[in-house]
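Notes follow once the structure below has been shown.
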Amino acid sequence: MKRKKTWILVADGARARIIRQMEGDNEDAALLDDLVFEVNHKTLREIMSDRPGRSFASKGRRRSAMEYVSDPVQEQEVQFAITLIEELGRRYADHEFDHLAIVAEPRMLGTLRQNLPGVLVSTLVKEVAKDLTKLPKLQLMQALNKLDIQVC
């Protein structure tokens with residue numbers, strides 16, 4: 001019987017790691033490996049450096065500044081989450097893992113939940129709203145063990 005594989009997604013709005021166990025020559029030689037994703041987010045100042053456009057009033061000659069209608073930083077985070085979900089979807093379709101645990105910064109966890117397709121929702125074994133992305137690998141593994149999340 002094939003052993004079930006569990007992957008762990010650790011993410012925030014700008015970086016993510018997918019921690020997985022790679023098969024070695026034998027069961028004892030299995031190695032932990034991770035896929036790393038990073039996005040160079042622009043700061044709000046860089047995104048909104050230009051003055052907003054101007055519009056004319058419907059009557060008269062008066063002009064006024066237009067307001068931004070969305071949060072560009074949030075949009076970048078949503079795009080990053082969608083990129084992660086698409087990668088996980090491809091890998092799941094290729095039968096690279098069976099179960100998924102997500103440890104993400106709370107806002108990113110919400111974004112992932114909103115965009116996660118049903119096929120990946122069915123693989124979820126645990127969700128934790130915590131930002132562990134900046135931890136070195138050894139400390140990250142210790143933190144995951146404390147949360148009772150293990151790669152297998």
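Values quoted throughout were computed directly from the atomic coordinates according to the rules given, and no laboratory measurement underlies them. Treat the numbers as computed from the prediction; the structure is a model and nothing was measured. With ideal geometry, Cβ positions are generated from the backbone for all residues, glycine too; neighbour counts draw on all protein chains shown.
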Phi to ³J(HN,Hα) by Karplus 6.51 cos²θ - 1.76 cosθ + 1.60 over the stretch 146-151, Hz, x for Gly, Pro | 5, 7, 6, 10, 9, 7
Residues R3, R107 in order from fewest to most other beta-carbon atoms within 10 Å are R3, R107
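Add +1 for every Lys or Arg and -1 for every Asp or Glu among the other residues with Cβ under 13 Å from the Cβ of A101, and state the total.
So the surrounding residues net to +3.
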Nearest 0.05, what FRET efficiency do E75 and K5 give at R0 = 25 Å with Cβ-Cβ as r?
-> 0.15
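How much length would be gained if the chain were fully extended between C152 and E96, taking 0.36 nm per residue of separation minus their Cα-Cα distance, in nm to one decimal?
Roughly 18.9 nm would be gained on extension.
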Return the sequence-ordered ³J(HN,Hα) values of the stretch 106-118 in whole Hz as given by the Karplus equation 6.51 cos²θ - 1.76 cosθ + 1.60 applied to θ = phi - 60°, using x for Gly and Pro.
-> x, 5, 5, 4, x, 5, 5, 4, 5, 9, 6, x, x
